[in-house]
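A.B. asks: A single structure is presented below for examination.
The values are calculated or read from the model by the stated rules, or taken from the named source; none is laboratory data. The shown structure was predicted, so the numbers you read here are calculated from the model rather than taken from an experiment. Heads up, the Cβs are rebuilt from the backbone with ideal geometry, glycines too, and the neighbour counts pull from every protein chain shown. The accessibility values were calculated without ligands, DNA or RNA, using every heavy atom of the protein model including side chains. Shrake-Rupley method; radii C 1.70, N 1.55, O 1.52, S 1.80 Å.
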Amino acid sequence: MNYNEYLPKALDFFKEKMNAFSDKFNKSDLMKKITDVAKKAGCSTVYYALLLYYALTDGEVPLSKKLIVAAALGYFITPLDFIPDLLPAGLADDGAILLYALNQIRPYIHEGTEHKARTKLHEWFGPQEVYNLPKF
């Protein structure tokens, strides 16, 4: 099979997998998951999830990128993981997927988006943890 035949099949497979997770995304489940695992996940993982959520709701993210974000957030909130969250490294896969999605929408993350995420983190973790986070 040559490249021109393989690429459409690979893209179809990727879209199918992303749609499976994007169906699981909704705001209340996301906020519940973040609240439940906030201390365990750590401030940076929660920050990534919030950046994705607020960028998604800002409306400037193109549809193709919204699918990636919804799939990543869906994966984050679903109880089924490649690495179960109960294990010591259980949130590593979640963080990696969230970082991948963030890199896909980096141009759409504005100062207002970061402000919203940092404000919510301040409520949950306190000012010191938020202060130590890098600007995205």
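A.B. asks: Would you call THR57 of a type in the set (S, T, N, Q), under 23 Å from ASN132 (Cβ atoms) and either at pLDDT 85 or above or out of contact with any Asp or Glu (no Cβ under 6 Å at 6 or more places or on another chain) (or both)?
C.D. replies: Spelling it out, it is not the case that THR57 is of a type in the set (S, T, N, Q), under 23 Å from ASN132 (Cβ atoms) and either at pLDDT 85 or above or out of contact with any Asp or Glu (no Cβ under 6 Å at 6 or more places or on another chain) (or both).
A.B. asks: Quick one: is TYR75 of a type in the set (Phe, Trp, Tyr), at pLDDT 80 or above and either surrounded by fewer than 21 Cβ atoms within 10 Å (Cβ to Cβ) or under 18 Å from LYS32 (Cβ atoms) (or both)?
C.D. replies: yes
A.B. asks: Scan region 106-126 residue by residue and report those that are within 12 Å of TYR53 (Cα to Cα) and among the small types (Gly, Ala, Ser).
C.D. replies: Hit for region 106-126 is ALA117, nothing else.
A.B. asks: Which of the residues that make up region 97-131 are open to solvent by less than 90 Å² (accessible area, probe 1.4 Å) and free of Cβ contacts under 8 Å to residues at least 12 places away in the same chain?
C.D. replies: ASN103, THR119, GLY126, PRO127
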